[in-house]
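Novice: The structure is given below, and queries will be raised subsequently.
Values in this text are rule-based calculations from the coordinates and carry no lab data. Remember, it's a predicted structure, so these values are computed and weren't measured experimentally. In this analysis, Cβ positions are derived from the backbone assuming ideal geometry, glycine residues included, and neighbour counts consider all displayed protein chains.
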Amino acid sequence: MTTTDCASCADERAAGAAFCEACGRALSSAKACPHCGVPGGIGADGYCEHCGMLASRPRDHVEADYGSVAAAVTDRGRRHHRNEDAAWLAVRGTDVDVVVCDGVSASFDPDVASETAAGVAGALLADDPDVAKAILSAKDAVAELVKSGDPRRGSSNPACTIVAATVRGAEINVGWLGDSRAYWLPAAGPAEQLTEDDSWATHAIAMGADPQAAMRDPKAHAITAWLGADAGPVTPRVGAFTVKDPGHLILCSDGLWNYLTDPAALAETIRENLRTGGTLVDAARGLVDFANAAGGADNITVAVVPVLSLSSVKE
Amino acid sequence: MPYTAEAFQNEFLALGATEVNAIVTVTSSGSEGGRRTSGATEIIIVDASGSMQAEGRMSAARQAAKAAIECIDDGVHFAIIAGVSTAQQLYPAPGQLAVSSPASRADAISNIDRLQASGGTAMGAWLLLAAQLFSQRPGDIAHAILLTDGDNGERAGYLEQVLASIGGKFTCDCRGVGVNWKVPELRKIANALLGTVDIVAQPAGLTAAFEEMMTKSMGKTSADVQLKVWTPVNSTVRFVKQVEPEVRDLTGKRVEDGPRAARYPLGSWGAESRDYHVCIDVAPGAAGDEMLAARISIVEGDTVHAQSLVRAVWTEDTALSTRINRQVAHYTGQAELADAIQAGIEARKSGDDRTATIKFGRAAQLAHASGNTATEELLATVVDIEDAATGTVRLRRKVEAADEMALDTRSTKTVRVGRGQ
């Protein structure tokens, strides 16, 4: 207990006490500010009463840990001022619903868009594994955002990407809009990308451009489909797979795959983390740490779901 | 809660940037049921110096004072001061305040006929008497109207001394009739006492001016509203300005209030909306850092009516940090407009036509670009505006004194911009 006086009422008699004698506020239980270290100074709005820094944002780093069934981690990264990615992970027995969304930074309130989309799509998947339907509902919900909140949403409406998947035994459904990805990671060999980015680079490569040059282009990451009021009529792309051998379903935002564009390197890095991480959530966190160590230029989200593995059968 | 406070800003700062700007719009729907939360006291101060005999000013002032008395609600305390070389209470008995009723108003109106022009101008003494009368009713909405037609005759520095001692005790709207009074002198009083200043060029306009001021004052429901600004350590408030409906610098009125916080007086409030520009210098943050640069509260005593946050978020993304907030840019321009006009008038008076032309040119450009047509029209009485867009103006050889004084007093009037980014 290092508090010498009360931060709320500046009463000096509080020295060494657990509660301020004058105003009764708890002194020692209050957390120290991670920026300036002054204890007990975090205000109700989350800012330090001393240095003014935001002590923490709940979305800066969020983990979902379903033991050996599934795990997801989303992180602000090192360059962005907030986490505009959002994830949904729901587990019922061995059934898993997972959604990853990445807010479009150029839009207003993209963090609200991603959170809305992940929540709406994820909740629908519990009753109906039709990912296309869930994505379209998410699109409607994100498009509605323009009608509420800050008026600036009108000129630059909230927007985000989405990738959603359901795991029902060996059956996997996946759907997406934008450049957030799903991969199938077999026990050995390179990862198999289940999605195809709705991005300028993918489009250019499909039209015959040199893949290396296309990815280096400043427009490479410009997405060609998204959720939002200005998205126009969109058709989510979908895929359905029946898994034959055990492996892992991976969903991630470009904050991770940007540092692992080679499917063999991606597979190796994930397997490395699964081996050394111990639990699934450790592995997911390890992947986030990997992206942060590589620069953390964007928000990072990754979900890891083992399919047909011994452990998931056991649950 | 009848008050709202909303901050408009671009919170994103480039790395190394330390200046945080925000426009805070404070709106009140007035107190519950539109009733005053406290009592109210009105004092009318009428210059009765010898010069008021000219152009029928005295009789017009009598008419105006009578009209203002008629506007006072029942139950409001009031008094009338006759301003000569000393301050003389015209109504009610010296040292007393009357309580408004049909009978007391009629009594006051008949007393106004005793008002005779003779003697000098002693604004410091008049205001001091007003402050003494107001002090009988602490907590009241305290408002005075000061009418004069000439220079203050008191020794240099006395008025300033009085203003320093009575600042914050009451608000005072100042009106100058004719063209022989000094705009800076009345502006000094209005700034110290959070009131307005304007010219009434023709005595015939006095009645309407008095009625307007009194009606507006009767619409005030809260006596003493303040803007409380909390800032983090290692930061300083560069300025706090009211920027709408008119520019008024409040920076110097700072009163410390607890750790890292201070209050700035806003005066009395009714159902109205005003904008404030707050500029804070903070310590620079790292990429991704988010700082609360200021917590702005609208307070009355210990009651917090509304709160708004001014934030700083440092980013490497120049697309975000270079965004111009329309509100901040607009009001920065409106404040520059007022400064340019006042500098132009000063330069013209001192014979520096070159500087005057440059300043008025800039003012014409700013007024035009921001859609402040009232100011643009006033400018056109002092200069010929050849091209407002480029700020090309020519000084007029002959300018009516009243026009220049109107431009001077109204230079601080601002207009709003549409909301949204």
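Novice: Kindly provide the trypsin sites (Lys or Arg not before Pro) of segment B:34-114 that DSSP labels as loop, not H, G, I, E or B, and whose Cβ sees at most 12 other Cβ atoms within 10 Å.
Specialist: In loop regions of segment B:34-114 (DSSP not H, G, I, E or B), the sparsely surrounded trypsin sites (Lys or Arg not before Pro) are B:ARG35, B:ARG114.
Novice: What are the residues whose amide H is under 5 Å from the amide H of A:GLY77, where those residues sit 5 or more places off or on another chain and H is modelled from the backbone?
Specialist: The answer is A:ILE300.
Novice: Could you work out how far helix A:263-277 tilts from the main Cα principal axis of chain A, as a 0 to 90 degree angle to the nearest 10?
Specialist: Relative to chain A, helix A:263-277 is tipped by roughly 50 degrees.
Novice: Next up: Calculate the length of the line joining the C-alpha centroid of segment B:180-196 to that of segment B:356-421, in whole Å.
Specialist: What the calculation gives is 21 Å, centre to centre.
Novice: Same structure again: For A:ASP85, which sequence-distant residues (separation of 5 or more, or a different chain) have an amide H within less than 5 Å of its own amide H, given hydrogens modelled in the peptide plane?
Specialist: A:GLY103
Novice: A further question follows. Could you give the Stokes-Einstein D for segment B:327-409 in µm² per second, using the C-alpha Kirkwood radius, 4 °C, 1.567 mPa s?
Specialist: On the way: Rh = 12.3 Å.
The estimated diffusion coefficient comes to 106 µm²/s.
Novice: Based on the Cβ-Cβ distance of B:VAL179 and A:SER148, what FRET efficiency does E = 1/(1 + (r/R0)^6) give at R0 = 51 Å, to the nearest 0.05?
Specialist: My answer for the efficiency is 0.40.
Novice: Let me ask something else about it. Can you give the three extents of the C-alpha atoms in segment B:66-215 along their principal axes, from longest to shortest, in whole Å?
Specialist: Principal axes ranked by extent give 41, 35, 27 Å for the Cα atoms.
Novice: Starting at the first residue of segment B:225-230, write each ³J(HN,Hα) from the Karplus equation 6.51 cos²θ - 1.76 cosθ + 1.60 with θ = phi - 60°, in whole Hz, x for Gly and Pro.
Specialist: 3J(HN,Hα) across segment B:225-230, in whole Hz: 9, 10, 9, 9, 10, 9.
Novice: From the phi of every residue in segment B:296-312, what ³J(HN,Hα) in whole Hz does the Karplus formula 6.51 cos²θ - 1.76 cosθ + 1.60 yield, where θ is phi - 60° and glycine or proline is x?
Specialist: 9, 10, 9, 10, 9, x, 8, 8, 9, 7, 7, 9, 9, 9, 10, 10, 10
Novice: Show which lysines lie in cross-link reach of B:LYS188 when reach means a straight Cα distance below 21 angstrom and same-chain residues fewer than eight apart are skipped.
Specialist: Within reach: B:LYS169, B:LYS241, B:LYS253, B:LYS349, B:LYS413.
Novice: What do you get for the angle between helix A:131-144 and the principal long axis of chain A? Use alpha-carbon atoms, 0 to 90 degrees, nearest ten.
Specialist: 50 degrees
Novice: Among the trypsin sites (Lys or Arg not before Pro) within segment B:358-421, which fall in a DSSP loop and have no more than 11 other Cβ atoms within 10 Å of their own Cβ?
Specialist: B:ARG397, B:LYS398
Novice: If you don't mind, another one. Calculate the spin-label point distance for A:GLU63 paired with B:THR18, positioning each point 7 Å from the Cα along the beta-carbon direction, and give it in nanometres.
Specialist: With each label placed 7 Å out from Cα toward Cβ, I get 3.9 nm.
Novice: Among A:HIS221, A:HIS80, B:HIS143, which comes first, then next, by fewest other beta-carbon atoms within 10 Å?
Specialist: A:HIS221, A:HIS80, B:HIS143
Novice: Which listed residue (B:THR37, B:ILE345, B:ALA79) has the Cα farthest towards the positive end of the charge dipole for chain B, taking +1 on Lys and Arg C-beta and -1 on Asp and Glu C-beta about the Cα centre?
Specialist: In chain B, that residue is B:ALA79.
Novice: Can I ask one more? With viscosity set to 1.567 mPa s at 4 °C, what whole-number translational diffusion coefficient in µm²/s follows for segment B:58-145 from Stokes-Einstein and a Kirkwood radius over Cα pairs?
Specialist: 97 µm²/s
Novice: Just report the Cα centroid separation between segment A:257-283 and segment A:97-168, whole Å.
Specialist: Value for the Cα centre distance between the two parts: 27 Å.
Novice: If you don't mind, another one. Output the 0 to 90 degree angle, nearest 10, between the alpha-carbon long axis of helix B:57-70 and the longest principal axis computed from the alpha carbons of chain B.
Specialist: 70 degrees
Novice: Taking H as built 1.01 Å from N, whose amide H comes closer than 5 Å to the amide H of B:GLY288, not counting residues under 5 places away?
Specialist: The list, which skips near neighbours in sequence, is B:TRP314, B:THR315, B:GLU316.
Novice: Is there a quick way to get the dipole size of chain A? I mean about its Cα centre, with the Cβ of Lys and Arg at +1 and of Asp and Glu at -1; what is the value in debye to the nearest 20?
Specialist: With only Lys, Arg, Asp and Glu charged at Cβ, the dipole is about 120 debye.
Novice: Work out the FRET efficiency for B:ARG238 and B:GLU316 from their Cβ-Cβ distance, taking R0 = 30 Å, and round it to the nearest 0.05.
Specialist: Computed FRET efficiency for B:ARG238 and B:GLU316 comes out at 0.75.
Novice: Suppose each label sits 7 Å from its Cα in the direction of the beta carbon; what would the B:GLU272-B:ARG323 distance come out to in nanometres?
Specialist: The two pseudo-label positions are separated by 3.2 nm.
Novice: Turning to a different aspect of this structure: Based on Cα coordinates alone, diagonalise the gyration tensor for the protein assembly as shown, multiply each eigenvalue by 5, take square roots, and list the semi-axes in whole Å, largest first.
Specialist: Working through the eigenvalues yields semi-axes of 66, 29, 22 Å.
Novice: Per DSSP H run of n ≥ 4, the term is -39500 (n - 2.57); total these for chain A, divide by its residue number, and report the mean residue ellipticity at 222 nm rounded to 500 deg cm²/dmol.
Specialist: -7500 deg cm²/dmol
Novice: Let me ask you something else. Can you give the relative contact order of segment B:45-163 as a percent, counting alpha carbon pairs under 8 Å and 6+ residues apart?
Specialist: Relative contact order comes out at 33 percent.
Novice: Starting at the first residue of segment B:347-363, write each ³J(HN,Hα) from the Karplus equation 6.51 cos²θ - 1.76 cosθ + 1.60 with θ = phi - 60°, in whole Hz, x for Gly and Pro.
Specialist: Each residue's phi maps through the Karplus curve to give 4, 5, 5, 7, x, 8, 5, 5, 4, 4, 5, 4, 5, 5, x, 4, 4 Hz.
Novice: Among A:TRP184, A:VAL96, A:THR235, which residue has its Cα positioned farthest towards the positive end of the charge dipole of the protein assembly as shown, with +1 placed on the Cβ of Lys and Arg, -1 on the Cβ of Asp and Glu, and the dipole taken about the Cα centre?
Specialist: In the protein assembly as shown, that residue is A:THR235.
Novice: If you don't mind, another one. What are the extents of the Cα atoms of segment A:61-314 along their three principal axes, in Å, largest first?
Specialist: Here the spans come out as 51, 43, 34 Å, largest first.
Novice: Rounded to the nearest 20 Debye, what is the dipole magnitude of the protein assembly as shown about its Cα centre when Lys and Arg each give +1 and Asp and Glu each give -1 at the C-beta?
Specialist: Computed about the Cα centre, the dipole is about 1700 debye.
Novice: Please give every one of the lysines within straight-line cross-link reach of A:LYS147, meaning a C-alpha to C-alpha distance under 26 Å, and leave out same-chain neighbours fewer than 8 residues apart.
Specialist: Those lysines meeting the cut-off are A:LYS133, A:LYS139.
Novice: By counting other Cβ atoms within 10 Å of each Cβ, how are A:SER68, B:SER100, A:SER148 ranked from fewest to most?
Specialist: Fewest-to-most ranking of A:SER68, B:SER100, A:SER148: A:SER148, A:SER68, B:SER100.
Novice: Additional query: Round to a whole angstrom and tell me the spacing of the C-alpha centers of segment B:232-269 and segment B:297-313.
Specialist: Answer, in whole Å: 12.
Novice: Any idea which of B:HIS277, B:PRO232, A:GLY37 is furthest toward the positive side of the dipole for the protein assembly as shown, if Lys and Arg beta-carbons carry +1 and Asp and Glu beta-carbons -1?
Specialist: B:HIS277
Novice: Can you list the chymotrypsin sites (Phe, Trp or Tyr not before Pro) in segment A:43-90 that are in a DSSP coil and have 14 or fewer other beta carbons within 10 angstrom?
Specialist: none
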